[in-house]
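Student: Okay, here's the structure, questions in a sec.
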Amino acid sequence: MYTNKYWKYFDRAIKEYKKRVVSDEEVKEILDDRMKEMKDLIQKNERNCLTDCLGILIGIDLEMNAKNRILNGEPLAWILLEQQLFWLNQMIKSNPSRRNVSDREIGGLIGLSLLWGYEDIAELTYKYATNMFMKDRDFYSENKTHHVFMTCLYYKWKTGEMPDLFNILPDDHVYQKLMRSWNDTNNFGEHLYELCDFHIYSLSDTPHKLSEILSFDCIPYDYYCIRLIREKEGLATPTIEHPLLQTPLAEI
C-alpha cells in the first residue's frame, strides 16, 4: 500500500542520523547545563518542571547520539536507548496527568520495553496510553494509530487477546488486516510487510503530513514484538525482506 512512495523519507532520516555527530564534549556540556537547571528547579521547589529538562536530555544526549553511533558501527550505543526508556518511564511516573510523554512516543516505549524484558515499564505505559487514547477515540481512530496498535500489542502479549481499544481502528486499517490474518499462513507475510510499510509511513515527515513517531523512529520494534508474541503462542513468523529491517537499527 505505501510501498516505495515513503521509502525516500526513511532513507533521508537514516542518512541524517548517520551524519549528525554529537561529540562527547557537546554531550557533556548539554548534561552539565541541564543538571544545573534541574538543581535550580529543585531549590525553587518547581519539581513539575524537571520533566521538561529530562525531555531535552532525551532528545539530544540519548536518541540522536545513540542512533548516530549505532549506524556508524557502535552497537554498544544501544545502552543509550535503554536509558531513554528509564527517562520516559520516570516522566510518566512523576506526574501522569501532565502527559509529559506525548502520544508520539508511546509505541517505541512499549515495544522496546517488551523486547528487553522491562514489563513494569510496558505495563505502566499501557495504562497511561490507554487512558489517553480512550478519552479521544474518534481522533485516535485516524491519528497516531501506530501507537494505538503498539498499546494493544502489549495487551495481546499479556492476555492473548486484543483489547477493546483496538476496535477504534477502521476495519480496513493495516493493523486490522494483520490481526485478522494472524492464523492465516498464506496471507500473514503480506500483511507483515504492510506493517513495516506503515511504520515508514508513520515516521515520514512530508509536505502533506507530520511525522507521527517522535521517539525510536526507524527501529522495527513492532515487527519484533509480533515475532515475540507469535513465538509465545507457538506460531511461526514468515521471514520478509523490507528496508526497515535492513539497517543496524533493526539489530535490536
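Every residue, every condition in (1) surrounded by 17 or more Cβ atoms within 10 Å (Cβ to Cβ); (2) closer than 20 Å to Glu212 by Cβ, yes or no:
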| position | (1), (2) |
| --- | --- |
| Leu153 | yes, yes |
| Trp157 | yes, no |
| Glu161 | no, no |
| Leu169 | yes, yes |
| His173 | yes, yes |
| Asn183 | no, no |
| Asn186 | no, no |
| Glu190 | no, no |
| Asp197 | yes, yes |
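Student: Run down Leu109, Leu124, Leu165 and say which single residue is under 24 Å from Cys218 (Cβ atoms) and either in contact with a helix residue (DSSP H, G or I) (Cβ under 7 Å, 6 or more places away or on another chain) or assigned to a helix (DSSP H, G or I) (or both).
Tutor: None of the other options fit; the residue is Leu109.
Student: Restricting to the stretch 95-134, name every residue that is basic (Lys, Arg) and free of Cβ contacts under 8 Å to residues at least 12 places away in the same chain.
Tutor: Within the stretch 95-134, just Lys127 meets the criteria.
Student: Can you confirm whether Asp217 is among the acidic types (Asp, Glu) and under 13 Å from Gly107 (Cα atoms)?
Tutor: Against the criterion (among the acidic types (Asp, Glu) and under 13 Å from Gly107 (Cα atoms)), Asp217 qualifies.
Student: Which members of the stretch 80-120 meet the condition of being farther than 17 Å from Leu214 by Cβ and hydrophobic (A, V, I, L, M, F, W, C)?
Tutor: Correct list: Phe86, Leu114, Leu115, Trp116.
Student: If you don't mind, another one. Within the stretch 66-123, can you find the residues that are over 23 Å from Arg20 (Cα atoms) and small (Gly, Ala, Ser)?
Tutor: Ser94, Ser97, Ser102, Gly107, Gly111, Ser113, Gly117, Ala122
Student: Name the residues in the stretch 135-151 that are surrounded by 19 or more Cβ atoms within 10 Å (Cβ to Cβ) and either among the β-branched types (Val, Ile, Thr) or free of Cβ contacts under 8 Å to residues at least 40 places away in the same chain (or both), would you?
Tutor: If the condition is that a residue be surrounded by 19 or more Cβ atoms within 10 Å (Cβ to Cβ) and either among the β-branched types (Val, Ile, Thr) or free of Cβ contacts under 8 Å to residues at least 40 places away in the same chain (or both), then Tyr140, Thr145, Val148, Thr151 are the ones that fit.
Student: Please enumerate the residues belonging to the stretch 193-212 that are in a loop (DSSP other than H, G, I, E, B) and either at pLDDT 95 or above or closer than 15 Å to Tyr175 by Cβ (or both).
Tutor: Listed by number, the list holds a single entry, Glu212.
Student: If you don't mind, another one. Just checking, how many residues over the stretch 70-99 are of a type in the set (Asp, Glu) and over 18 Å from Tyr221 (Cα atoms)?
Tutor: 1
Student: In addition: Tell me, which residue of the stretch 199-231 that is more than 29 Å from Pro75 (Cα to Cα) and not β-branched (Val, Ile, Thr) is surrounded by the most Cβ atoms within 10 Å (Cβ to Cβ)?
Tutor: Among them, the one singled out is Lys209.
Student: Which numbered condition trips up Leu76, out of (1) within 23 Å of Asp197 (Cα to Cα); (2) at pLDDT 90 or above?
Tutor: Exception for Leu76: condition (1).
Student: Any residue in the stretch 70-94 that is closer than 18 Å to Trp116 by Cβ and free of Cβ contacts under 8 Å to residues at least 60 places away in the same chain sitting within a Cβ distance under 9 Å of a residue that is among the hydroxyl-bearing types (Ser, Thr, Tyr) and outside any helix (DSSP H, G or I)? List the pairs, counting only those 6 or more apart or interchain.
Tutor: Matching pairs, first to second residue: Glu82/Tyr118; Leu85/Tyr118; Phe86/Tyr118; Asn89/Tyr118.
Student: Going through Leu57, Leu88, Leu62, Leu50 one at a time, which residue ends up being surrounded by 15 or more Cβ atoms within 10 Å (Cβ to Cβ), at pLDDT 85 or above and of a type in the set (A, V, I, L, M, F, W, C)?
Tutor: Leu88
Student: Could I ask something else about it? With respect to Ser181, is the statement that it is among the small types (Gly, Ala, Ser), out of contact with any strand residue (DSSP E or B) (no Cβ under 8 Å at 6 or more places or on another chain) and modelled with pLDDT under 95 true?
Tutor: Against the criterion (among the small types (Gly, Ala, Ser), out of contact with any strand residue (DSSP E or B) (no Cβ under 8 Å at 6 or more places or on another chain) and modelled with pLDDT under 95), Ser181 does not qualify.
Student: Give me the pairs: first residue in the stretch 240-252 and crowded, with 18+ Cβ neighbours inside 10 Å, second residue among the basic types (Lys, Arg), beta-carbon distance under 8 Å, and six or more apart or on different chains, which are they?
Tutor: Listed pairs, sorted by first residue: Leu249/Lys67.
The values are calculated or read from the model by the stated rules, or taken from the named source; none is laboratory data. All of these numbers come straight from a predicted model, not from anything done at the bench. Methodologically, a virtual Cβ is constructed for each residue, glycine included, from the backbone with ideal geometry; neighbour enumeration extends over all protein chains shown.
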